[in-house]
Amino acid sequence: MNVLFDHFSEFRAGFLGTLSITALSSVLALVMGVLIAAFRVSPVPPLRFVGTVWVTLLRNTPLTLLFLVSFFVLPEILFPGMSPFVLGALALGFYTSAFVAEAVRSGVSTVPLGQAEAARSIGMTFTQTLHLIILPQATRTVIPPLSSIFIALTKNSAIAGAFSVAELFGWQKLMTDQGYDIVWLFVWVALGYLVITFTISGIFRLLERRLEVAR
């Protein structure tokens, strides 16, 4: 148990690293996911094709493989010298965006088709219809699955520790190499993840309640 008190600064750095990469990759996943979902329901065939390829490719690719591509291929082609933290966030964000896109697309499908047709009949563009009519209503349906997706993202961030990103499992590996009891290490790491996941769950529960009142 003393491992936490003797190395609290390293544990705090790992916890903040996990929190930071989770937050950054969540924002990226949400932005890209909504964009890809818009592509998936777009009336433009090439955009639908791009959205379908994006979702199919990323959902069926192991996350570890995406990390390998992000760390060993992207720096050679596009982003030389980019920090491991950013590369890890890109891998996590792009991977999760495929699941966010499908959740948003499912939410869009719950909105009656007649509302989109009515919006087009008064001259609204596809972008205006999506932004002003469809997405506000779809949000109520999308919130519960998004909570599960972002909790899964938090747990998936552990893979980043194997790629030189400072996070909780990186701290656990460092302490294990120094000979500390692995049981207590996993206890503290698990508690760190529970704090983050419970916070995410609480935030989404608040959003659900607010949307229920608005309904």
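Key figures for this structure:
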read-out	value
Gaussian network model of the chain, Cα within-10 Å springs - most flexible of 144, 80, 46	80
The chain: DSSP helices with Cα axial extent of at least 20 Å and average Kyte-Doolittle hydropathy no lower than -0.5	8-40, 45-59, 84-109, 135-156, 182-214
Relative contact order for the chain, counting Cα pairs under 8 Å that sit 6 or more residues apart, in percent	28 percent
Net length gained if the chain between residue 113 and residue 72 were fully extended (0.36 nm per residue, minus Cα distance)	10.3 nm
Most fluctuating residue given options 30, 191, 68, as computed from a GNM of the chain linking Cα atoms under 10 Å	191
Along principal axes, Cα extents of region 1-84, largest first, whole Å	59, 28, 21
Accessible area expressed per residue, region 68-215, with surrounding protein chains retained (probe 1.4 Å, Å²)	54 Å²
Alpha-carbon centroid distance for the pair region 1-60 / region 160-215, whole angstrom	15 Å
Largest to smallest accessible area among 184, 54 [probe 1.4 Å]	184, 54
Relative contact order for region 3-94, counting Cα pairs under 8 Å that sit 6 or more residues apart, in percent	36 percent
GNM result for the chain, Cα springs below 10 Å: residue of 186, 11, 71 fluctuating most strongly	186
Accessible surface of the chain [probe 1.4 Å, protein heavy atoms]: carbon and sulfur percent	69 percent
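The values are calculated or read from the model by the stated rules, or taken from the named source; none is laboratory data. Everything numeric here is computed off the predicted structure, so don't read it as measured data. Ligands, DNA and RNA are stripped out before the accessible areas are found, and what is left, the full protein with its side chains, is counted by its heavy atoms. Shrake-Rupley method; radii C 1.70, N 1.55, O 1.52, S 1.80 Å.
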